[in-house]
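One structure is given below, encoded as structure tokens.
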Amino acid sequence: MGLLKKLLNRWRKDIEEPEADFGEWDDIIYERDELQVNDNKQRGEYVRGCLDQIAEAEKEVENLQFEYNMVTSYLKDMEEIEALPEEEKEEVRKCARKLDKLEQQQEGYTKRKKRMSDEKYREMERMEEEVQEGYDKLTETEEKQDLIKRDLRRLDGERQAYLYRKRDLQYLIADTRSMTIVCAVAVVVCILILFVMQYYFHMNVQLGYFFVAAAGAVAITIIFLKHNDAIKELSRVEKGIGRIIKLHNAAKIRYVNNTRLLDYLCLKYNVSGAEELGKNWQLYQEEKEERINTQQTERDLDQCQKELLHVLRRYQVKDPIVWLHQTAALLDKREMVEIRHNLIIRRQSLRRRMDYNKEVMAGKAQAEIKDLVENYPRYAQEILDMVGEYERNFS
């Protein structure tokens with residue numbers, strides 16, 4: 001509260017020495033037309049309002065002074081850097097170039113599109129030691145599944161062929177039976193006809209009996225042989241169907257067990273098959289390598305920043321941290337000139353604001369209180385007491 005202390009000391013001196021000069025102030029006039037100075041309450045509120053304005057101005061000046069000192073420090077650091085010998089400048093530029101390159105690499109890693117989500121990456125990371133084994137087992141199980149399916153399709157085809165042959169043989173057996181009856185009836189009919197021709201027509205039919213008997217015997221023999229062969233083949237076909245059914249059932253059991261194993265492996269590795277697991281594993285390895293590179297770049301970046309800070313501190317730069325984010329200015333003189341220009345403008349703006357708060361904001365309030373003390377001397381001590389109390393409360 002330097003302004004208040006200064007004001008208090010000056011006014012005490014003014015009370016002791018009434019002829020003292022208060023100094024020149026800006027021509028800003030408070031409106032006191034409606035103020036009843038003789039009213040203790042109004043007078044007190046008015047003076048406190050002026051003191052609040054002084055305190056606010058001093059607080060703003062303190063904040064601006066801090067910023068002003070910081071900007072001034074930046075400018076001094078720039079002067080220190082530009083005043084370095086060429087050899088030392090090159091050392092600074094070397095660190096800055098390395099830092100700039102690492103920052104560009106880090107930015108590239110940051111902006112890159114991730115190959116997989118963090119959740120999927122952590123999942124693959126947990127299974128890293130067993131993924132290769134799981135991929136081999138999934139591949140083997142899927143290949144086995146394909147083989148079993150092919151076996152089942154082949155057995156289905158053989159079974160259908162056997163069933164088709166069985167139906168043909170059953171039809172053949174039924175036909176041979178019918179043909180046997182037909183042949184027998186035909187032989188009997190022929191014999192009757194020959195008998196009638198022999199006894200009623202007195203014809204010589206001995207040769208006819210021979211032919212009928214021979215033809216009937218040959219036909220029945222052929223039919224019998226076909227019938228017998230069909231029965232034997234039907235027996236073999238039925239045995240083959242039974243064998244195929246057993247093989248088919250065994251293949252079904254293998255298929256069910258293999259399917260359950262395949263489902264379990266897919267559930268375990270959270271994939272739809274070996275192809276997806278292999279793709280995820282490839283993406284994980286690429287993502288892992290990039291993350292390792294990113295981490296290494298971050299470590300290198302941190303080390304390079306420490307090196308640059310060390311070099312700048314060695315060359316008496318008071319605030320070297322600022323230059324970690326302004327490497328372009330260390331590498332490009334034009335960039336340095338532009339930054340200096342902006343800092344100078346900032347400092348001029350801060351100075352104007354500080355002067356305004358000191359000379360206008362606080363000065364206006366000081367002048368108003370001083371005017372009250374001067375025009376109403378009977379309240380001077382009271383006003384000074386209020387100033388002193390205000391100083392004690394905010395010191």
Quiz item: For helix 380-394, what angle does its Cα long axis make with the longest principal axis of the chain, in degrees from 0 to 90 and rounded to 10?
Solution: 30
Quiz prompt | Cα-based Rg of the chain normalised by 2.2 N^0.38 Å, two decimals | solution = 2.68
Quiz item: Does a label point 7 Å from the Cα of Lys226, set along Cα-to-beta-carbon, have any residues of region 171-203 with amide nitrogen under 18 Å, and which are they?
Solution: 171-187
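Sorted from fewest to most neighbouring beta carbons within 10 Å, what does the list Trp323, Trp281 look like?
Exposure proxy ranking, most exposed first: Trp281, Trp323.
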Self-check item: Note, ³J(HN,Hα) from phi for region 318-334, Karplus 6.51, -1.76, 1.60, rounded to Hz, x at Gly and Pro
Solution: 6, 10, x, 4, 4, 6, 5, 10, 9, 5, 4, 5, 6, 9, 10, 4, 5
Practice problem: Just name one of Met354, Ala328, Asn228: the one whose Cα is farthest towards the positive end of the charge dipole of the chain (beta-carbon charges, Lys/Arg +1, Asp/Glu -1). | Solution: Asn228
Quiz item: Relative contact order, percent, of the chain when contacts are C-alpha pairs under 8 Å separated by at least 6 residues?
Solution: 42
Quiz item: Using alpha carbons only, how many degrees (0 to 90, rounded to 10) separate the axis of helix 363-375 from the longest principal axis of the chain?
Solution: 30
Quiz item: Each label point is 7 Å from the Cα along the Cα-to-Cβ direction; what then is the distance between the points at Glu128 and Ile344, in nm?
Solution: 5.6
Quiz item: Using alpha carbons only, how many degrees (0 to 90, rounded to 10) separate the axis of helix 131-199 from the longest principal axis of the chain?
Solution: 20
Quiz item: Excluding Asn63 itself, what net charge comes from residues whose Cβ is under 12 Å from its Cβ, given Lys and Arg +1 and Asp and Glu -1?
Solution: -3
Practice problem: Starting with the fewest neighbours, write out Cys266, Cys304 ranked by other beta-carbon atoms found within 10 Å of each beta-carbon. | Solution: Cys266, Cys304
Quiz prompt | Alpha carbon centroid spacing (whole Å) that separates region 201-223 from region 102-158 | solution = 82
Quiz prompt | Net charge dipole size for region 301-361 [Lys, Arg +1 and Asp, Glu -1 on Cβ; Debye, nearest 20] | solution = 300
Quiz item: Can you flag which of Lys113/Lys279; Lys76/Lys358; Lys144/Lys252; Lys76/Lys101; Lys113/Lys268; Lys101/Lys288 are past 19 Å Cα-Cα?
Solution: Lys76/Lys358; Lys76/Lys101; Lys113/Lys268; Lys101/Lys288
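Read the figures in this text as sums done on the coordinates, not as results from a lab. The structure displayed is predicted, hence computed values, not measured ones. Note that each Cβ is placed from the backbone with ideal geometry, even for glycine, and that neighbours are counted across all protein chains shown.
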